[in-house]
Amino acid sequence: MPTTVELVLRPEELHHSALLRQKAAQQTGLSPGQIAHLEILKSSLDARGRDPVFRLRAEVYGPGEVFTPEPALLDALKPVDGRKGRVLIVGAGPAGYFAALELLELGMQPIVLDRGKDVRARRRDLRAIQQFGEVNPHSNYCFGEGGAGTYSDGKLYTRSDKRGNLRKALRLLVEHGAKSDILTEAHPHIGSNKLPGVVQNIRETILHYGGEVHFGQMVTDFLLKNGRITGVVTQAVEPAAGASSAEWQADAVILATGHSARDIYRLLHAKGIPIEAKPFALGVRVEHPQTMVDSVQYRQSPRDERLPAASYSLVCQVRDRGVFSFCMCPGGLIVPAATAPGEIVVNGMSMSRRDSPFANSGVVVAVEPEDLAPWHKHGVFAHLEFQAEVERRMFAAGDGSQKAPALRLPDFIAGRMSADLPGSSYIPGLFTAPLYELLPPFIYKRLRDGLGQFGKMMRSYLTQEAVVVGTESRTSAPLRIPRDPVSLMHPQVAGLFPCGEGAGYAGGILSAAMDGQRVARAVYSLKVER
Ligand SMILES: Cc1cc2nc3c(=O)[nH]c(=O)nc-3n(C[C@H](O)[C@H](O)[C@H](O)COP(=O)(O)OP(=O)(O)OC[C@H]3O[C@@H](n4cnc5c(N)ncnc54)[C@H](O)[C@@H]3O)c2cc1C
């Protein structure tokens, strides 16, 4: 039996394998030469003390003890031929692609349809948003292969690890090209420069084992018969001559269209398929110089280059409502995440090295139905209409481009205009605007008070060099598509499986991937029962 040890290492000791063996040997009474294998299980950075240290949990294999690596998950896959069933998956985001991998494992054929482009072609459209302010409604930071998670920070932590097989999802990412460190790090992340390669490899696996992936296919209708979904209708986004619309038949449909597919919510409602409004959060993105965050968290300036860019996580209550930091991107960039012309939406991403001079984080307020009385006239779309209205207001304050409204943080809190703005990572550019008037009062006042409290929790947080950017509005879906808790099928439509973030069952790359896996298993068990 291997012995588990806890090792404490200074940053300069972390990649020193002889020293690691020596420290492990000291704890087990073995000599370093007697250690047959050292397996790292977990690694986390502890910056609470005077000097930051890494804490590692590892298994030490002594003489005669053999370490057996887990067999590759992909080795278990076999080509599928569709005889066990064909499943349409709408959306090639993490939920859709991980559902497809799981279906292959179960011998069912996944047919993935996405309105966007493949991960490489998508890059041109991201450049058009960044440089020319042109938003393609089918190919942007949210839509296209890999979904919203592709050109993101690629943070892979989740609080919902009880909801699925977290390790399996991480191992599949590694088997498709992510670094194996993500299996052991407490706060794993992949980075925007690495994620597209991983996504492309997943597509190749799907195709190799008999699945299909079709881009530029926007689902515009559902085929329904006697309370059951039998397929979908798509519209080609860039129609080839004579083939603009198509019907796709299947045994089941997994709907994994993400939190920004507003037309899918409208379609469900128009077809009489129940959907529900759901609480979400809305706010701003706050950007600081990375050196400021490093100096507070590590008490070093500049930070030891072996330490990762530091982050923070802050939360407080303001008048019975949570105000919290969200989706922090240390060493990252603020990006324009609108999915249609005429709106401003911001989000954050970072490269694997997290080496930009800026640290950005969403700071958002929970939005509950009682906040939205004036929007109740929109019925089930009250939250969605509210979200869209804020995004349009931010856009209308600008010059028609993707420049985003902003204020220095102390001015935002004081409710006054800034004379000028500090440097920022946001490529389209910022303009000074009265965010305290553009944001709905119940959001602004809580953000103002919450950010004031953050300033008491974190030294230097309220620096003049910090900038507040509007608006962080796509934190999660504003609607839920109901599903039965056991069958995971829509209660009113047999064969329809709402999945991932857009359906309201995930909030992030990993939780969406795990939901995809669960839903694929549910599709399979229903098929087996029938
Ligand atoms: C810039 C940015 C950074 C982020 N950073 C992180 C992070 O670091 N870590 C993290 O965990 N999460 C992050 N997120 C959130 C994360 O990306 C999402 O939670 C996750 O992608 C949700 O997965 P999903 O598969 O449910 O939906 P999505 O990823 O949204 O995928 C939905 C897919 O459906 C397609 N689609 C939509 N409508 C239709 C239609 N009518 N027909 C056909 N296809 C359609 C879209 O093109 C899209 O590909 C970030 C999001 C953004 C935008």
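Quick look at the numbers
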{"item": "Label-zone membership for the stretch 21-60, site Arg299, 7 angstrom Cα→C-beta point, backbone N under 16 Å", "result": "46-54"}
{"item": "Residues of the chain: accessible area per residue with a 1.4 Å probe, Å²", "result": "42"}
{"item": "Accessible surface of the chain, 1.4 Å probe, proportion on carbon and sulfur as whole %", "result": "51"}
{"item": "Normalised contact order of the stretch 66-209, rounded percent, pairs of Cα under 8 Å and 6 or more residues apart", "result": "24"}
{"item": "The stretch 3-61 - percent relative contact order, Cα under 8 Å, separation 6 or more", "result": "47"}
{"item": "Summed residue charge, Cβ within 10 Å of Ala366's Cβ, Lys/Arg positive, Asp/Glu negative", "result": "-1"}
{"item": "Value of relative contact order over the chain, rounded to a whole percent, pairs C-alpha under 8 Å and six or more apart", "result": "18"}
{"item": "Burial ranking of peptide ranges 392-400, 136-144 (average Cβ count within 10 Å, highest at the top)", "result": "136-144, 392-400"}
{"item": "Estimated FRET transfer efficiency when R0 is 25 angstrom, pair Arg123-His214 (beta carbons, to 0.05)", "result": "0.80"}
{"item": "Of all DSSP beta bridges in the chain, antiparallel share, percent nearest 5", "result": "75"}
{"item": "Highest-first arrangement of 366-374, 206-214, where packing means the average Cβ count within 10 Å", "result": "206-214, 366-374"}
{"item": "Calculated FRET efficiency for the pair Arg48/Met417, C-beta based, R₀ 41 Å, to 0.05", "result": "0.55"}
{"item": "Exceeding the 21 Å Cα-Cα cut-off - candidates Lys78/Lys194; Lys117/Lys278; Lys168/Lys194; Lys155/Lys179; Lys78/Lys168", "result": "Lys78/Lys194; Lys117/Lys278"}
{"item": "Extended-chain gain in nm, criterion 0.36 nm per residue less alpha-carbon gap, Arg163 and Asp320", "result": "53.7 nm"}
{"item": "Semi-axis lengths (Å, descending) of the ellipsoid that matches the C-alpha gyration tensor of the chain", "result": "37, 35, 19"}
{"item": "Under 5 Å, built H, 5+ apart or other chain: amide partners of Phe358", "result": "Gln290, Gly331, Gly332"}
{"item": "Euclidean distance between Cα centres, the stretch 149-211 to the stretch 72-101, Å", "result": "15"}
{"item": "Between the stretch 417-490 and the stretch 47-67, the alpha-carbon center distance in angstrom", "result": "39"}
{"item": "Of the DSSP H helices in the chain, those whose Cα atoms cover at least 27 Å axially and whose Kyte score averages -1.0 or more", "result": "509-529"}
{"item": "Sequence of Tyr157, Tyr97 from largest to smallest accessible area, 1.4 Å probe", "result": "Tyr157, Tyr97"}
{"item": "Those lysines that a straight Cα-Cα span of less than 16 Å connects to Lys527, excepting residues fewer than 8 apart in one chain", "result": "Lys84"}
{"item": "Within the chain, helix-based [θ] at 222 nm, where runs of 4 or more DSSP H residues each add -39,500 (n - 2.57), nearest 500", "result": "-8000 deg cm²/dmol"}
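The values are calculated or read from the model by the stated rules, or taken from the named source; none is laboratory data. None of the values given here were measured: they were computed from a predicted structure. So basically every Cβ, Gly included, is an ideal-geometry build from the backbone, and we count neighbours across all protein chains shown. Please note that ligands, DNA and RNA were not included when accessible areas were found on the heavy atoms of the full protein model with its side chains. Shrake-Rupley method; radii C 1.70, N 1.55, O 1.52, S 1.80 Å.
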